[in-house]
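Before any comments, here is the structure.
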There are 2 protein chains.
Amino acid sequence: MSEFENLLIQYQSRASQHLEEILPLDNSVLSLAMRYSVLNGGKRLRPILVYLVGEIGEASEESLNTLAAAIELIHCYSLIHDDLPSMDNDDLRRGKPTTHKKFDEATAILAGDALQPLAFELLSDINDVDHRKLSIIKSVASACGHLGMVGGQIKDIHSDNVRDITSLDAMHFQKTGRLIQTSIETAGILSGLEAKEVELLKEYGSKIGLAFQIQDDIIDIESPSSISGKDQGSDEEQDKITYPSLAGLKESKLRAQDLAKEGKEILQLISKNTDNLSSLADYIVSRKT
Amino acid sequence: MSEFENLLIQYQSRASQHLEEILPLDNSVLSLAMRYSVLNGGKRLRPILVYLVGEIGEASEESLNTLAAAIELIHCYSLIHDDLPSMDNDDLRRGKPTTHKKFDEATAILAGDALQPLAFELLSDINDVDHRKLSIIKSVASACGHLGMVGGQIKDIHSDNVRDITSLDAMHFQKTGRLIQTSIETAGILSGLEAKEVELLKEYGSKIGLAFQIQDDIIDIESPSSISGKDQGSDEEQDKITYPSLAGLKESKLRAQDLAKEGKEILQLISKNTDNLSSLADYIVSRKT
């Protein structure tokens, strides 16, 4: 295993450990569902991005942990709701029953509904100066709203208007790209990076966010559920428009590689050590799960 | 119509007008569902509380409008989700089809999911000093999370543990009382009231919040849907534990009256003109819808 992969595992477990600490511990069905949905061995891409950006700036470990956890809570809530019968109707997530399968539909909806404000409560409590906390809250709120994540999700499920690569890109940028970009942006704000550097990192974020999504579509076709932890071919089964369905598998792989390369080129414009962010771009398009 | 009722109507339309302005205007199904769910002639109790508390302190009209709108968005999202088939399965809300009936279930879930972050985005943008904005965000986030509104809702739908007045009170305090209390608390913070005054107003809020809920249960039994805008007797149909089902209708009415009286007595301890808040307590337990 490479040094970088070791670092990713270290950051994954740092994120999971902090999530474990901040989630409610009581035995109510709501708290159990919240913990089940969050502490399920996720990839923790967004926390990893927060930590990697944190490396190149100056933020306390504690504040990065809080930011990483808050953003991951938002991501996890979105997965719970995406999996619901009225949306993607998925039974498996990361190899385990989805939250509505393990509990019930109402509990799953409410677990998601409770993770979201917990994220904002955490953000309001970050150990940082007030105006930066407010910028972070605004960025996260905007990224997960009707112009961001939720707006992308509704386009995904009512996908009649998604017919070509341009509209597919736009949908994915909203659905996953915005929150990925925000993870990077807010970590940059928290780390005291210059506005110009934050802008470049956001551009990098939009490239790797899209690359990540294309790779997800590729994994859905190529990886059996024993490896991916999802139902294999579930996109095709649901007649979802994906990169491979529009452009073919080979072309999709090339596009993901190109996006990773473009992301890495943007990093060259930042006069700090961005080697790990560069390795992440490669990792994103080579992963099998 | 009394002068106070005129004021309520004026505040209702002020709140609705501001909501109209801040909701997205495009014709996407998500934006249409958000507008449909919010601009539906609601009672605007929480905005009214914000405005009434604002009257006794010093806050700009603009900042009160933003706070009122943000809290109402949270309330409206919770109604959309409460009405879902997997929860209360209600077809009517304020005399019109519920959001999942008018659109579909996925759209309803997502409209709720989009209203919540819009509320936090608004709060991060209130025209006020940073530390007060952060206190407000924290208070709202906490009130609508697993220890507040969402925690109360899950107790309501899995109501096996709600068997007596004490546990019913606790459930309702979480489900509706917390957000009502927060409307008052955050308006107090925004208006620069003293901490002691805010504490008294919170106590008043917990009394009238509970009174409001009991009155809701009474309305469910007594008012035909043509007046209440809801399915008459829907609580009984769903075997819901309510105040009338536990204590009887007569006793429930007495309790609501007592709570309103207690709320008014607390107001006497505040050395400012709280006449309108006092009138609101009376209004809450006399309303038929």
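The values are calculated or read from the model by the stated rules, or taken from the named source; none is laboratory data. A quick note: this is a predicted structure, and the numbers were derived from the prediction, not measured. We place every Cβ from the backbone using ideal geometry, glycine too, and count neighbours over all the protein chains shown.
The figures follow:
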item	result
For residue B:196: the one exception among (1) more than 14 Å from chain A (Cβ to nearest Cβ); (2) in contact with a Ser or Thr (Cβ under 9 Å, 6 or more places away or on another chain)	(2)
Output for the range B:55-64, where each listed residue is surrounded by fewer than 24 Cβ atoms within 10 Å (Cβ to Cβ) and either under 17 Å from the mean Cα position of the chain (by Cα) or in a helix (DSSP H, G or I) (or both)	B:55, B:56, B:61, B:62, B:63
Residue list for the range B:106-117, filter: facing chain A (nearest Cβ under 7 Å) and touching a His at 6+ places or on another chain (Cβ under 7 Å)	B:109, B:113, B:114
Residue match in the range B:112-127 (condition: under 30 Å from residue A:26 (Cβ atoms), among the β-branched types (Val, Ile, Thr) and modelled with pLDDT of 95 or more)	no
Residues of the range B:173-201 satisfying the condition of being of a type in the set (Asp, Glu) and within 24 Å of residue A:117 (Cα to Cα)	B:185, B:199
For residue A:192: the one exception among (1) at positive phi; (2) in contact with a Leu (Cβ under 7 Å, 6 or more places away or on another chain); (3) of a type in the set (Gly, Ala, Ser)	(2)
Checking residue A:42 against (1) assigned to a helix (DSSP H, G or I); (2) crowded, with 18+ Cβ neighbours inside 10 Å, the condition it does not meet	(1)
Residue within the range A:20-38 that is more than 14 Å from every other protein chain (Cβ to nearest Cβ) and either surrounded by 17 or more Cβ atoms within 10 Å (Cβ to Cβ) or basic (Lys, Arg) (or both) present	no
Pairs where the first residue, in the range A:266-277, is more than 15 Å from residue A:203 (Cβ to Cβ) and the second is assigned to a helix (DSSP H, G or I) and modelled with pLDDT of 95 or more, C-beta under 6 Å, 6+ apart	A:276/A:52
Sole residue being in a helix (DSSP H, G or I) and in contact with a Ser or Thr (Cβ under 8 Å, 6 or more places away or on another chain), chosen from B:69, B:111	B:111
Members of the range B:85-105 that are facing another protein chain (nearest Cβ under 7 Å) and either within 19 Å of the chain's Cα centre (by Cα) or part of a strand (DSSP E or B) (or both)	B:87
Hits in the range A:122-172 (condition: touching a residue at least 40 places away in the same chain (Cβ under 8 Å), more than 8 Å from chain B (Cβ to nearest Cβ), of a type in the set (Val, Ile, Thr) and more than 23 Å from residue B:119 (Cα to Cα))	A:162, A:165
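Matching residues to (1) free of Cβ contacts under 8 Å to residues at least 24 places away in the same chain; (2) assigned to a loop (DSSP other than H, G, I, E, B):
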{"site": "A:20", "(1), (2)": "yes, no"}
{"site": "A:25", "(1), (2)": "yes, yes"}
{"site": "A:31", "(1), (2)": "yes, no"}
{"site": "A:36", "(1), (2)": "no, no"}
{"site": "A:47", "(1), (2)": "no, no"}
{"site": "A:79", "(1), (2)": "no, no"}
{"site": "A:107", "(1), (2)": "no, no"}
